[in-house]
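Colleague: If you scroll down you'll find the structure; I have some questions about it.
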Amino acid sequence: MTGTARIRVLVVEDSATMRAHLRQVLASDPEIELVGEAENGKQGIELCQQLHPDIITLDMMMPLMSGLAVTEYIMAHSPSPILIVSASTERGELFRTYDALAAGAVDVLEKPTGLEPDGEWERRFLSTVKLVSRIKVITHLRLRVGARGRNSDVVSPEGLPPTPGATKVVAIGASTGGPAAIVEILQALPVHYRIPIIIVLHIGEPFAAAFADWLDGQSQHRVSYARDGEPVTGLQGRVVMAPPDKHLVVRDNMLRLTGDRERHSCRPSVDVLFESVARAFGASAAGCLLTGMGRDGAVGLRDIRNAGGITLAQDEATSVVYGMPREAALLGAAQRILPLGEIGPALAALAGQPPGRKLV
């Protein structure tokens, strides 16, 4: 590839067999250069500091230091885009994967099972490596929140703050970088937050299986996956999420789960949720679009705004990927574009409540 720098990859994986497979797959793409291999977490950190790779592929279960410990150290001391490549789908191991995503890992990909069509996993792996390598990460996300300036980019002043109590539901959408962003927002809300919160997060199976349970332990708010037919009036003070591979909509004042076709290659889709919330609640709805790759949620956020609801989007400086919120900004869908650290307090204001204290 004359004149074009190749993507420099560091593989951190304790299985010699898996390392050999990743080595072979990476070598098949002329745009990629494998610059180092580590067989444990400690060696992975050392090679990261020596080689400064464009991306690290990281196993979660390793000797000496776990993938979580490696992620936390790298994001605090030598920030690099991290793609978790893991076969860990047991509940406790899934929780550690979510911890790593909250600590700054960009994305997660399941290891090949051997049941995929020939070449499918390899193509997906290479595509994900290229996408993740382009993401500009900075110091550990947990340290980063609130470190930005306090001046928000106010696109339009109308509608905020509203009359307290006017908002009946808050809908939130997120993708890449979403786990950490959602945790920050929930921790910034008051303990007895009165407005129901409905969330769509893009996270691939099988890693989505226990995310709501993990999120339930990250703040003082009750979090669960939505149940089909559950009345919205019973959600006060709760957080509900779209379960894996199901669209979540509000219809006839009830939550409904559907297997309708994907939107923007996503199921669940943020747009599908936002559009239904706009129809069901109109000016009593609030929508918030967070960090993420792609455009899902932008049109739905505009629908909420056009219906008279409150609309927020995360700003570029605090987004891991300024894709979805950027599309919303371009459409004029967001009334306010805010740093992540200001979104929780803004949502608290919708209920006429002061922000909560973050958990240490």
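The values are calculated or read from the model by the stated rules, or taken from the named source; none is laboratory data. Because the structure is a prediction, the values reported are computed rather than measured. Note: ideal-geometry Cβ built from the backbone for every residue, glycine included; neighbour counts use all protein chains shown.
Colleague: State whether one or more residues within the stretch 49-57 are surrounded by 14 or more Cβ atoms within 10 Å (Cβ to Cβ), farther than 25 Å from GLY178 by Cα and free of Cβ contacts under 8 Å to residues at least 60 places away in the same chain.
Modeller: Filtering the stretch 49-57 for residues surrounded by 14 or more Cβ atoms within 10 Å (Cβ to Cβ) gives 51, 53-57.
Of the ones still in play, those that are also farther than 25 Å from GLY178 by Cα are 51.
Adding the requirement that they be free of Cβ contacts under 8 Å to residues at least 60 places away in the same chain leaves 51.
Yes - at least one qualifying residue is present in the stretch 49-57.
Colleague: Looking at GLN314, is it under 15 Å from the mean Cα position of the chain (by Cα) and either under 22 Å from HIS221 (Cα atoms) or surrounded by fewer than 23 Cβ atoms within 10 Å (Cβ to Cβ) (or both)?
Modeller: Working: under 15 Å from the mean Cα position of the chain (by Cα): yes; either under 22 Å from HIS221 (Cα atoms) or surrounded by fewer than 23 Cβ atoms within 10 Å (Cβ to Cβ) (or both): yes.
Against the criterion (under 15 Å from the mean Cα position of the chain (by Cα) and either under 22 Å from HIS221 (Cα atoms) or surrounded by fewer than 23 Cβ atoms within 10 Å (Cβ to Cβ) (or both)), GLN314 qualifies.
Colleague: Let me ask another. Looking at (1) more than 22 Å from ARG96 (Cβ to Cβ); (2) in a loop (DSSP other than H, G, I, E, B), which one does VAL277 not meet, given that it meets all the others?
Modeller: (2)
Colleague: From (1) of a type outside the set (A, V, I, L, M); (2) under 25 Å from GLY178 (Cβ atoms); (3) surrounded by 16 or more Cβ atoms within 10 Å (Cβ to Cβ), pick out the condition that doesn't hold for GLU90.
Modeller: Unmet condition: (3).
Colleague: Additional query: Conditions: (1) in contact (Cβ under 8 Å) with a residue 12 or more places away in the chain; (2) surrounded by fewer than 22 Cβ atoms within 10 Å (Cβ to Cβ); (3) more than 17 Å from the chain's Cα centre (by Cα). ARG267 meets all but one. Number of the miss?
Modeller: With (1) in contact (Cβ under 8 Å) with a residue 12 or more places away in the chain; (2) surrounded by fewer than 22 Cβ atoms within 10 Å (Cβ to Cβ); (3) more than 17 Å from the chain's Cα centre (by Cα) applied to ARG267, the lone miss is (3).
Colleague: Report yes if some residue within the stretch 35-48 is touching a residue at least 60 places away in the same chain (Cβ under 8 Å) and farther than 13 Å from VAL129 by Cα; otherwise report no.
Modeller: Here is the first cut: in the stretch 35-48, the residues touching a residue at least 60 places away in the same chain (Cβ under 8 Å) are none.
The answer is no, given that none of the residues of the stretch 35-48 is touching a residue at least 60 places away in the same chain (Cβ under 8 Å) and farther than 13 Å from VAL129 by Cα.
Colleague: How many residues does the stretch 316-328 contain that are in contact with a strand residue (DSSP E or B) (Cβ under 6 Å, 6 or more places away or on another chain) and either of a type in the set (Ser, Thr, Tyr) or modelled with pLDDT of 95 or more (or both)?
Modeller: Residues meeting the conditions: 3.
Colleague: For the stretch 52-66, name all the residues that are closer than 18 Å to VAL108 by Cα and of a type in the set (A, V, I, L, M, F, W, C).
Modeller: Passing the criteria: ILE55, ILE56, LEU58, MET60, MET61, MET62.
Colleague: Which one of these is aliphatic (A, V, I, L, M) and closer than 19 Å to LEU26 by Cβ: ILE82, ILE74? Walk me through it before giving the result.
Modeller: Values: ILE74 fails: closer than 19 Å to LEU26 by Cβ.
Sole residue among the options that is aliphatic (A, V, I, L, M) and closer than 19 Å to LEU26 by Cβ: ILE82.
Colleague: Right, something else. Of all residues being touching a strand residue (DSSP E or B) at 6+ places or on another chain (Cβ under 7 Å) and surrounded by fewer than 14 Cβ atoms within 10 Å (Cβ to Cβ) in the stretch 249-263, which is farthest from SER224 (Cα to Cα)? Just the residue, please.
Modeller: We begin by selecting, within the stretch 249-263, every residue touching a strand residue (DSSP E or B) at 6+ places or on another chain (Cβ under 7 Å); these are 249, 253-258, 260.
Still in the running and surrounded by fewer than 14 Cβ atoms within 10 Å (Cβ to Cβ): 253, 260.
On the way: ASN253: 18, ASP260: 22 Å.
Per the stated criteria, the residue is ASP260.
Colleague: Could you pull out the residue among LEU143, LEU115, LEU109, LEU131 that is modelled with pLDDT under 95, out of contact with any helix residue (DSSP H, G or I) (no Cβ under 8 Å at 6 or more places or on another chain) and not in a loop (DSSP other than H, G, I, E, B)? Break it down into steps so the answer makes sense when it comes.
Modeller: Values: LEU143 fails: out of contact with any helix residue (DSSP H, G or I) (no Cβ under 8 Å at 6 or more places or on another chain); LEU115 fails: not in a loop (DSSP other than H, G, I, E, B); LEU109 fails: out of contact with any helix residue (DSSP H, G or I) (no Cβ under 8 Å at 6 or more places or on another chain).
Step by step, each of LEU143, LEU115, LEU109, LEU131 is checked, and only LEU131 is modelled with pLDDT under 95, out of contact with any helix residue (DSSP H, G or I) (no Cβ under 8 Å at 6 or more places or on another chain) and not in a loop (DSSP other than H, G, I, E, B).
Colleague: Still on this structure: MET65 fails exactly one of the following numbered conditions: (1) over 17 Å from PRO179 (Cα atoms); (2) crowded, with 17+ Cβ neighbours inside 10 Å; (3) in contact with a Ser or Thr (Cβ under 9 Å, 6 or more places away or on another chain); (4) modelled with pLDDT of 90 or more. What is the number of that condition?
Modeller: (3)
Colleague: Against the definition (assigned by TED's automatic domain parsing to the domain that holds ILE182, farther than 15 Å from LEU201 by Cα and assigned to a loop (DSSP other than H, G, I, E, B)), how does ALA334 come out, yes or no? Outline the logic, then answer.
Modeller: Values: assigned by TED's automatic domain parsing to the domain that holds ILE182: yes; farther than 15 Å from LEU201 by Cα: yes; assigned to a loop (DSSP other than H, G, I, E, B): yes.
For ALA334, the condition - assigned by TED's automatic domain parsing to the domain that holds ILE182, farther than 15 Å from LEU201 by Cα and assigned to a loop (DSSP other than H, G, I, E, B) - is met.
Colleague: Restricting attention to the stretch 280-302, and to residues there that are in a loop (DSSP other than H, G, I, E, B) and hydrophobic (A, V, I, L, M, F, W, C), which single residue is modelled with the highest pLDDT? Break it down stepwise before answering.
Modeller: From the stretch 280-302, those in a loop (DSSP other than H, G, I, E, B) are 290-291, 293-297; that's our starting set.
With hydrophobic (A, V, I, L, M, F, W, C) added as a condition, the list becomes 290, 293.
Working: LEU290: 98, MET293: 90.
So the residue we want is LEU290.
Colleague: Taking the stated definitions as given, is VAL223 assigned by TED's automatic domain parsing to the domain that holds VAL321 and closer than 20 Å to LEU301 by Cα?
Modeller: Numbers: assigned by TED's automatic domain parsing to the domain that holds VAL321: yes; closer than 20 Å to LEU301 by Cα: no.
For VAL223, the condition - assigned by TED's automatic domain parsing to the domain that holds VAL321 and closer than 20 Å to LEU301 by Cα - is not met.
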